[in-house]
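No lab work stands behind these numbers, since they all come straight from the coordinates. Nothing here was measured: the structure is a model prediction, and the numbers come from that model. Cβ: placed from backbone, ideal geometry, glycine included. Neighbour counts: every protein chain shown.
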Amino acid sequence: MKEVVIMSTFNASKLSTTFLASTTECLPVDGRKYTLTHSDATGKLFLSIGNHYNLPAINAKIRDEVLAEWISQYEQFICKGKVYVSGGEFDEHSSKQRFIIFQREIKLALTAIFYGDRRLFSYYPQLLDSAILIHFDSIFPQYNQVLYYGTPRQYLNPIFFPDVT
């Protein structure tokens, strides 16, 4: 398995954010989708925000993207994310390594997503306290899990958002 660069600290200058067609800083909310990819060589993060995932940005061989979307549920929003651990092309050991890496890096990914879309929270401050659920998708039951990762408020650094925390 290819060695993955550890990017545990968020650096805003390494994030590039793109709004896809029909998407603005404030619309839509329901169904708003995030595609986060990165470059191992440069450490840069690439965030696409739209009403669909940016599938061409995903490297089909590596599958190390983070996908997320806002979903209306019981009159409130939740942020549901997904990372692809294994569909059978990786053996159990490699799947375990991928699961561990995704768990280690998911907080950085969530910080990048919420920072990249930070203006959305000024229009919809209630989203700051919405639940974040991440599905680790794997054919191996021990790595196929949905885990709770707090709320967006936890990922928005007070240095960037002094009025949020």
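Quick notes on this structure:
- For the stretch 72-116 and the stretch 12-60, distance of Cα centres in Å: 15 Å
- Filtered GluC sites (Glu not before Pro), the stretch 66-165: DSSP coil and at most 14 other beta carbons within 10 Å: Glu75, Glu89
- Point-charge dipole on Cβ atoms (K/R +1, D/E -1) for the chain, about Cα centre, debye to 20: 240 debye
- Beyond 22 Å, the tail of the calculated P(r) for the stretch 1-96 holds 38 percent of the Cα pairs.
- For Leu15, residues with placed amide H under 5 Å, excluding near neighbours: Leu45
- Most mobile of Tyr34, Tyr148, Tyr74 in a GNM of the chain (Cα contacts under 10 Å): Tyr74
- Comparing Gly150, His52, Leu108 along the charge dipole axis of the stretch 1-152, the residue lying farthest to the positive side is Leu108, per the Cβ-charge model.
- Taking a point 7 Å out from the Cα of Phe140 in the direction of its Cβ, the residues of the stretch 79-114 whose backbone N falls within less than 19 Å of it are 83-106.
- For the chain, the share of alpha carbon pairs falling in successive 10 Å distance bins from zero is 10, 40, 37, 12, 1 percent.
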